[in-house]
1. May I ask for the equivalent-ellipsoid semi-axes of the range 1-147, computed as the square root of five times each C-alpha gyration tensor eigenvalue and listed largest first in whole Å?
2. Could you tell me the center-to-center distance, by alpha carbons, between the range 72-135 and the range 142-216 in angstrom?
3. Take every Cα-Cα distance within the range 69-163, group them into 10 Å bins from 0 onward, and report for each bin the whole-number percent of pairs it holds.
4. Residues of the chain: accessible area per residue at 1.4 Å, in Å²?
5. Got a sec to turn the phi values of the range 291-299 into Karplus ³J(HN,Hα) couplings, 6.51 cos²θ - 1.76 cosθ + 1.60 with θ = phi - 60°, whole Hz, x for Gly and Pro?
6. For every helix of n ≥ 4 consecutive DSSP H residues, a contribution of -39,500 (n - 2.57) applies; sum these over the chain, divide by its total residues, and give [θ] at 222 nm rounded to the nearest 500 deg cm²/dmol.
7. Mind listing the long-range amide H neighbours of MET223? Cut-off is under 5 Å, sequence gap 5 or more, other chains count too, H placed in the peptide plane at 1.01 Å from N.
8. Straight-line reach from LYS13: which lysines have Cα under 30 Å away, leaving out those fewer than 8 places along the same chain?
Amino acid sequence: MATEDTTRMTTGKTQVAIIGGGPSGLLLSQLLHTRGIDSVVLERRTKAHVLGRIRAGVLEQGLIALMDEAGCADRLHAEGFVHDGVQLSFGEDRVHINIVEAAGKPVVVYGQTEVTRDLYAAREAAGGRLIFEAEDVAIHDATSDAPFVTYTLGGDSHRLDCDFVAGCDGFHGISRQTIPASARTEFEKLYPFGWLGILSETPPVVPEILYANSPRGFALCSMRNAALSRYYIQCPLTDRVEDWSDDAFWDEFRRRIPSDVAADLVTGPSIEKSIAPLRSFVCEPMQWGRLFLCGDAAHIVPPTGAKGLNTAASDVHYLFHALSEYYQTGDSAGIEGYSDQALARVWKTQRFSWWLTSLMHRTPEMSDFEERMQVAEIAFLRENHAAQTAMAQNYVGLPY
């Protein structure tokens, strides 16, 4: 006797289906809302899980402008730390880059978690449709005029018809994998080290971000606020978090930063500790029919240049304006040119992240010649205003 199929299929409709409830998906959804364009955000995790991710916190002015346009920047302006400069050290030698003087604008330190929290609050206040714990998400008919997304929720099957799909679901999401392998080309560089990072309820040791290159490896001094510091050290890919006690981290961290900075370091128990591998990755193209990739779904940068979230924001900028133009005027030029426009900026941010990573890290395989090149590059930055301007322009964010 056949078993009765009790599976239910619920059908819904929206203009833009957004896969991924992180900051890029939420920002796109909120921006579309300001233009009267409907969207649904599908997230496979819970809201608490998304907000529990510890990520970067250096925001370019382009992202800040998008948050302003989305109506989500009040807390950012009130609580963000404006940074007018950045420091690079090579052993005891230190170089200060005044990014405001060189590039005409600062960066703002404001945690990615807080950006996400603000965007969630805005979408919820606007009655936005946010669907958490969406499982078995699949994108269908992306190259047709009528794509749709299917997913399961609480054991029930759902279908979401839409005009367009925005894949904002990260490197391991389903959006990029939906594009046939024959239709995409992937470029990747894996770095032979990772970053061990800790978050501690301690005052920042320096008022600006400090990148340190030492004979023992890289270290980074950054912060989230006046009482919350984020510190990193370069570590082998074979290391595990369990290998590093707090005391071992602090001891090694002190050895890698200039001695006058180390003398002022306030230590304390870590409230988060993790190891992240470093990679550079780009997928071309960033669209397939009516499916568009944004952020980590299309590209990854090493965190050295603080370009991950910011480059995702530039993708959102291009896609938001392309969709707005389409719905307001019927012009599809922006949609058709999205990938080329986004990738032109993506590759420039890749170049900067690769350059800064190569400058500030050492590996056992490095030759004496390569080390001397790092020394010469630091000296050139110190002495040459044009070099400082080029670095500052990239650091604060290239124009959209």
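The values are calculated or read from the model by the stated rules, or taken from the named source; none is laboratory data. Source: prediction; values computed, not measured. When the accessible area is computed, the model is the full protein with side chains, heavy atoms only, and any ligands, DNA or RNA have been set aside. Shrake-Rupley method; radii C 1.70, N 1.55, O 1.52, S 1.80 Å.
1. Numbers: eigenvalues 317, 64, 41 Å².
Working through the eigenvalues yields semi-axes of 40, 18, 14 Å.
2. Centre-to-centre distance over Cα atoms comes out at 18 Å.
3. Binned Cα distances yield the sequence 12, 22, 24, 18, 16, 7, 0.
4. Numbers: 17150 Å² over 400 residues.
Per residue, the chain has 43 Å² of solvent-accessible surface.
5. 3J(HN,Hα) across the range 291-299, in whole Hz: 9, 10, 9, 10, x, 4, 5, 10, 7.
6. Details: 14 runs with 148 residues, N = 400.
Estimated from H runs of four or more residues: -11000 deg cm²/dmol.
7. Amide H to amide H, under 5 Å and 5 or more residues apart or across chains, MET223 pairs with ARG230.
8. Within reach: LYS47.
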